[in-house]
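Below is one structure, written out as structure tokens, with a few remarks after it.
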Amino acid sequence: MAKPPPPDEKAELVEHVLAFQGYFKVGRYSFRHSLFQGGQSPLIVREVFERGHAAAVLPYDPVRDEVVLIRQFRAGSYVAGRHPWGWETVAGIIEEGETPEEVVRRESVEEAGLAISDVIPIHHIIASPGAMSETCALFVGRTDTTNAGGVFGLESEGEDILVKVVPFAEARAMLDRGEIDNATAVIALQWLALHRDDVRSRWR
């Protein structure tokens, strides 16, 4: 369980307005917060990118020692000057009334054609706290990769998703070669590298 925050770190919300609403939303927030040397900050105004909260899963077959990675076009990568296709985990936005575990099970079917039989929580992360409110509940999920692979995604959402089965040793090598730059995928694969023996023992 996470430790409670220090009692001398406090923030006050002064105002919140909707700055932009399109496919995504941007809120404009005014804050004051405590200072490490005492006292209070002046009024700080920040725009925050808001798209809800997400859940992601790294599908893993402990018997075959294989992971499943997906690949799809990403506008943010394109705008950042990177190649706009990259290797990722399965992920989706948590809808009202859903649990993170329900999301990763649903998205695994929609994005990769996979059934997840069990999950282990990895971490609950916030990728860019200076500019985004989105958090991500991250899991490793047990699956059978025997017949995995192909192209999936919902046509109604414009998804065109390549699904690839990768031996774990090769996924580690892809990390070392810098071929995976998606933060969630990097965290999930590094976590599995640290805990793989325990996971395989638990799921065999």
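Throughout, read-outs are computed from the coordinates displayed, never taken from laboratory work. Predicted model only: the values in this text are computed from it and were never measured. For neighbour counting, all protein chains shown are included, and Cβ atoms are generated from backbone atoms with ideal geometry for every residue, glycine included.
Details
- Cα shape, region 49-88, gyration tensor, a/c 1.5 rule: oblate
- In straight-distance terms, cross-link reach from K164 covers every one of the aspartates and glutamates whose alpha-carbon lies under 12 Å from its own, apart from those fewer than eight places away in the same chain; here that gives E66, E88, E111.
- Shape of region 11-50, Cα gyration tensor, a/c cut at 1.5: prolate
- Calculated FRET efficiency for the pair L162/A183, C-beta based, R₀ 22 Å, to 0.05: 0.65
- Rg/Rh for region 120-204 stands at 0.99; both radii use Cα atoms, and Rh follows the Kirkwood definition.
- Correct option for P(r) over Cα pairs in 10 Å bins from 0, in percent [calculated from the coordinates] among [x] 8, 29, 32, 19, 10, 2, 0; [y] 8, 24, 20, 14, 12, 11, 8, 3, 0; [z] 8, 29, 22, 15, 12, 9, 4, 1: [x]
- Net charge, N147 excluded, C-beta distance under 13 Å - Lys, Arg +1, Asp, Glu -1: -2
- Share of pairwise Cα separations in region 157-204, more than 16 Å, in percent: 49 percent
- Of R106, R172, R74, the one that fluctuates the most in a GNM where the chain has Cα springs shorter than 10 Å: R74
- Annotation for region 1-86: chymotrypsin sites (Phe, Trp or Tyr not before Pro) lying in DSSP loop with at most 12 further Cβ atoms inside 10 Å of their Cβ are Y23, F24, F36.
- Inter-centroid distance (Cα atoms) of region 1-54 relative to region 125-150, Å: 25 Å
- 20 Å reach of a label modelled at T146, 7 Å along Cα-to-Cβ, counting backbone N of region 56-79: 59-69
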